1. With respect to the numbered conditions (1) at pLDDT 95 or above; (2) more than 9 Å from the ligand (Cβ to nearest atom), which one is the sole condition not fulfilled by residue 109?
2. Restricting to the range 25-63, name every residue that is buried (at least 16 other Cβ atoms within 10 Å of the Cβ) and within 9 Å of the ligand (Cβ to nearest atom).
3. If I filter the range 2-24 for residues that are modelled with pLDDT under 95, surrounded by 15 or more Cβ atoms within 10 Å (Cβ to Cβ), in contact with a strand residue (DSSP E or B) (Cβ under 8 Å, 6 or more places away or on another chain) and within 30 Å of residue 193 (Cβ to Cβ), do I get at least one hit?
4. Suppose we keep only residues that are within 16 Å of the ligand (Cβ to nearest atom) and assigned to a loop (DSSP other than H, G, I, E, B) within the range 64-81. Which one would you say is surrounded by the most Cβ atoms within 10 Å (Cβ to Cβ)?
5. Which members of the range 42-51 meet the condition of being under 14 Å from residue 200 (Cα atoms) and touching a residue at least 12 places away in the same chain (Cβ under 8 Å)?
6. So the check is Cβ under 8 Å with 6+ separation or different chains; which pairs have a first residue in the range 106-122 that's without any contact (Cβ under 8 Å) to a residue 60 or more places away in the chain and within 16 Å of residue 172 (Cβ to Cβ) and a second one that's within 10 Å of the ligand (Cβ to nearest atom) and not in a loop (DSSP other than H, G, I, E, B)?
7. Considering 168, 236, 161, which residue is touching a helix residue (DSSP H, G or I) at 6+ places or on another chain (Cβ under 9 Å) and assigned to a loop (DSSP other than H, G, I, E, B)?
8. Out of the residues in the range 308-326 that are closer than 27 Å to residue 241 by Cα and out of contact with any helix residue (DSSP H, G or I) (no Cβ under 7 Å at 6 or more places or on another chain), state the one that is surrounded by the most Cβ atoms within 10 Å (Cβ to Cβ).
Ligand SMILES: NC(=O)c1ccc[n+]([C@@H]2O[C@H](COP(=O)([O-])OP(=O)(O)OC[C@H]3O[C@@H](n4cnc5c(N)ncnc54)[C@H](OP(=O)(O)O)[C@@H]3O)[C@@H](O)[C@H]2O)c1
């Protein structure tokens with residue numbers, strides 16, 4: 001892959017309306033990209049995107065595209081040298097119909113984006129996968145830190161009805177197979193739980209995890225946790241992966257690997273006024289702790305923001321938007 005001047009290069013972001021998508025649009029403009037095609041779910045409100053930066057107001061082109069609608073996806077990708085595929089259903093609620101609500105948009109949506117990228121000769125697709133395509137993986141050796149060679153155990157998840165990890169794993173596997181067969185350049189990023197200020201008007205799933213923890217939730221996040229990361233670092237990493245010709249394969253994006261119970265402790269030190277549950281024992285049994293788990297991204301030059309900053313900014317944002325009441329310590 002050869003670099004091209006950014007001013008001549010339009011790029012497309014799917015799921016641009018969402019938490020990560022909005023931060024990515026903002027980061028692209030901050031990094032000198034002049035034209036961004038924002039693909040958003042038809043009928044969704046994208047007014048917040050236009051006020052993200054000065055440039056967004058004039059140089060953001062909004063395309064309504066359900067990722068299941070190939071024609072609409074192709075229109076959004078047309079004229080772009082790069083595609084950041086972010087759109088995929090992401091919710092804390094269990095789906096009523098996993099196939100229709102989660103698996104189909106994740107897998108077929110990804111294939112549609114890659115088909116369009118192939119036809120329109122896109123230089124690279126940066127696929128937003130997830131730690132949920134790496135864990136849970138009960139077969140992983142207990143004395144080894146999780147890394148990019150780990151894949152989520154699909155049977156384990158299906159038997160527990162954990163459909164989100166199934167959707168992310170199947171989507172990434174389908175993408176890698178398509179890329180291999182069709183010669184499309186796909187690089188995947190695997191963020192852990194993303195935190196930071198909300199650009200979008202609604203509460204997304206990962207910020208809801210922190211909201212619920214602050215409200216006293218005892219949910220251990222057993223199946224969905226490796227660590228946390230500032231959403232702005234994820235956006236920076238997505239751009240870095242697009243711009244680094246040598247990048248290939250999978251990139252874990254987390255500021256450390258540790259227990260959710262330890263995260264709860266750190267949050268309670270920052271916000272002692274909230275009734276945060278103290279977890280006894282391991283919330284992720286056998287998880288090996290590691291500070292620089294995202295070694296591949298660190299080696300490319302990514303510097304992670306302290307998780308405490310991400311937590312503070314999320315809390316401020318949740319308060320400002322009315323997503324946190326005045327829960328005070330129960331003691
Ligand atoms: N946040 C995290 O901690 C985290 C961690 C790892 C990976 N990820 C991945 O990052 C991506 C973005 O997540 P997020 O946290 O930003 O969640 P989000 O705010 O819910 O964003 C998801 C976006 O995907 C869009 N979308 C869903 N189905 C679609 C469809 N059929 N067609 C077009 N657009 C569709 C949504 O549009 P509407 O809202 O308008 O329907 C929304 O803009 C997802 O792929 C998720 O799996 C997130």
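The values are calculated or read from the model by the stated rules, or taken from the named source; none is laboratory data. None of these values were measured; they are calculated from a predicted model. FYI the Cβ positions are ideal-geometry reconstructions off the backbone, even for glycines, and counts take in every protein chain you see.
1. (2)
2. 39, 40, 41, 46
3. So far as the range 2-24 goes, no, none of its residues is modelled with pLDDT under 95, surrounded by 15 or more Cβ atoms within 10 Å (Cβ to Cβ), in contact with a strand residue (DSSP E or B) (Cβ under 8 Å, 6 or more places away or on another chain) and within 30 Å of residue 193 (Cβ to Cβ).
4. So the first thing to find is which residues in the range 64-81 are within 16 Å of the ligand (Cβ to nearest atom), and the list is 64-77.
Filter once more, so that each one left must be assigned to a loop (DSSP other than H, G, I, E, B): 65-69.
Numbers: 65: 29, 66: 17, 67: 26, 68: 12, 69: 14.
Among residues in the range 64-81 that are within 16 Å of the ligand (Cβ to nearest atom) and assigned to a loop (DSSP other than H, G, I, E, B), the one surrounded by the most Cβ atoms within 10 Å (Cβ to Cβ) is 65.
5. Going residue by residue through the range 42-51, those that are under 14 Å from residue 200 (Cα atoms) are 44-51.
Those that are under 14 Å from residue 200 (Cα atoms) and touching a residue at least 12 places away in the same chain (Cβ under 8 Å): 44, 45, 46, 48, 49.
6. Within 8 Å, the pairs are 112/73.
7. On the way: 168 fails: assigned to a loop (DSSP other than H, G, I, E, B); 236 fails: assigned to a loop (DSSP other than H, G, I, E, B).
Going through 168, 236, 161 in turn, the sole match is 161.
8. In this case the residue turns out to be 310.
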